[in-house]
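What follows is a set of notes on a single structure, which appears directly below.
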Amino acid sequence: VQYVSTRGGVAPTSLSDAIAAGAAPDGGLFVPSQLPRVTAGFERSGDALPEVAHALLAPFFSGDALEPELGPICREAFGFACPLVALGTPEDLVLQLFHGPTAAFKDYGARFLTACLRRMASRAALPLTVLVATSGDTGSAVASAFHRMPGMQVVLLYPDGRVSPRQAHQLGCFGDNVTALRVAGSFDDCQAAVKAAFADEVLRERLHLTSANSISLGRLLPQMVFHAHAARSFGGTLNLVVPTGNLGNALAAVWAREAGVPIGDIVLATNANRVLENFFDGGAFVPRPGVQTLASAMDVGNPSNFERLRWTFQDDAALRSRLTAEAVTDAKIEETIQHGERRHGQVFCPHTATGVRVLEGLRAAGDTKPWAVVATAHPAKFETVVEPLVGHAVDVPESLAALLARPAHAEALAAGPGALRAWLLARVASSG
Ligand SMILES: *Cc1c(COP(=O)(O)O)cnc(C)c1O
């Protein structure tokens, strides 16, 4: 399979080269020239997560230099479970994606991308600098995956004061080859600064910049796996509610379905950022500045993967017929967390709560189909929101506790591309 740009301005490219490049050079995003279908190998594969991953992703890697390495890459990336857990009734489920080292679903994609880049690195110039804008969870997942890896430098930008205290701690606690920059601005500011750095030839060449943002195919493709694994283990057509920000996770679910995995309806649950809801209700797609909400990892006003979602379907009418979106306000997020234990026997993080709320709405409207809400993070990452609502402390998973026990440090940085450029150039100068 070859990869092309959503904007059509790039010659067909190998998967390895598309992963190494991050964004397509014409300003678009890389997509497979044709979405592969699941193969007999997928139908026949065992149920273990790395096996499902290998069988599902094999057609996407066919003909690429990484193809022979796909088995070991999947074993590295899919080393922790993603259980499908019932919420009281067999038709109400959650797909828990937070059992990795940093307690959010981003661990899968970050580890998969790292496993790919590590195998490609011998062919690239070292050291590589992985530059990442994060709304909270991507940064720590990438840092954890790259920590102490020879030849790799990681620079994380996050919006100061707009991630949870524990997320901030996780971002700053790695040290060594990982630097955290707390930016005086929003996530969109961080993303704009990183985009400008990638468009800057001097920076790209001097620092050997590489991307680990959710636009990277190395993160997007593996996210198809847990949806496919969940549908298989359910054993019938499974419908999904996906808490959505930049649209990476939900797009992966859509691609899995279009490839032939037995996934039925998909609903995008967003926070009060309504760009997607407006579009799916028939309006135009109009990006706007992100507003701050309790589900901060979804505070996105211009979901970058929308361009890929549009590419996937013939036209907007076809897209609207295959997906819906619903925005959930902070008040409803709070209410859902507050009553989560009584109604469903579980404590939810604010992101997962948007999805649970959407499911509750479907049931109230009489829907009886089986639905899985994708649980994107562990509630202990957002304890300052969750604990006052549920009225007790939330147990901290072991891996998260280990990170919180380390000292943390982040450098302050002004918003705007100029500040990041100056910081990066100073760093190259000082390292000789
Ligand atoms: C990143 C993130 C999301 C949103 O995922 P996208 O792929 O950006 O749509 C939702 N919940 C949590 C906890 C996240 O970290």
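The values are calculated or read from the model by the stated rules, or taken from the named source; none is laboratory data. Everything numeric here is computed off the predicted structure, so don't read it as measured data. With ideal geometry, Cβ positions are generated from the backbone for all residues, glycine too; neighbour counts draw on all protein chains shown. The area values use the complete protein model at the heavy-atom level, side chains included, leaving out ligands, DNA and RNA. Shrake-Rupley method; radii C 1.70, N 1.55, O 1.52, S 1.80 Å.
Positive-end ranking of 236, 73, 346 along the dipole of the chain, with charges on Cβ about the Cα centre, is headed by 73. Roughly speaking, what is the centre-to-centre gap between the stretch 189-259 and the stretch 1-32 when only Cα atoms are used, to the nearest Å? Using only Cα atoms, the two centres lie 14 Å from each other. A 1.4 Å probe run over the chain, with the rest of the protein chains in place, finds 36 Å² accessible per residue.
At 30 Å minimum axial length over the Cα atoms and a Kyte-Doolittle cut of -0.5, report the qualifying DSSP H helices in the chain, or say none. Don't skip to the answer; put the middle values down first.
Details: long enough: none.
The answer is none, since no helix passes both cut-offs.
Annotation: residue 142 carries an accessible surface of approximately 0 Å², with a 1.4 Å probe and no ligand, DNA or RNA atoms counted. Note on the chain: lysine pairs with Cα distance below 26 Å, sequence gap of 8 or more or different chains, count 5.
Going by accessible area, probe 1.4 Å, with all protein chains left in place, what is the ranking of 381, 106, largest first?
My answer, sorted largest first, is 106, 381.
Considering only the chain, what is the antiparallel percent among its DSSP beta bridges, to the nearest 5? Beta bridges within the chain, antiparallel portion: roughly 20 percent. Taking 0.36 nm per residue of separation and subtracting the Cα-Cα distance, full extension of the segment from residue 48 to residue 421 would add 129.8 nm. Note on the stretch 145-294: dipole from Cβ charges, positive end direction compared against 226, 147, 159; the farthest Cα belongs to 147. Split the accessible area of the stretch 324-432 by element, probe 1.4 Å, and carbon with sulfur accounts for 56%.
Think of the stretch 1-90 as having a plus end and a minus end, set by charges on the Cβ of Lys, Arg, Asp and Glu; of 31, 13, 60, 31 sits farthest toward the positive end of this dipole.
Viscosity 0.890 mPa s, temperature 25 °C: what is the translational diffusion coefficient of the stretch 63-165 from Stokes-Einstein with a Kirkwood Rh over Cα pairs, rounded to a whole number of µm²/s?
On the way: Rh = 15.4 Å.
Taking Rh from Cα pairs, D becomes 159 µm²/s.
Determine the gain in length on full extension of the stretch residue 292-residue 395; use 0.36 nm per residue of separation and subtract their C-alpha separation, reporting nm with one decimal. Please list the in-between numbers first.
Values: separation 103, 0.36 × 103 = 37.08 nm, distance 2.62 nm.
Full-extension gain reported as 34.5 nm.
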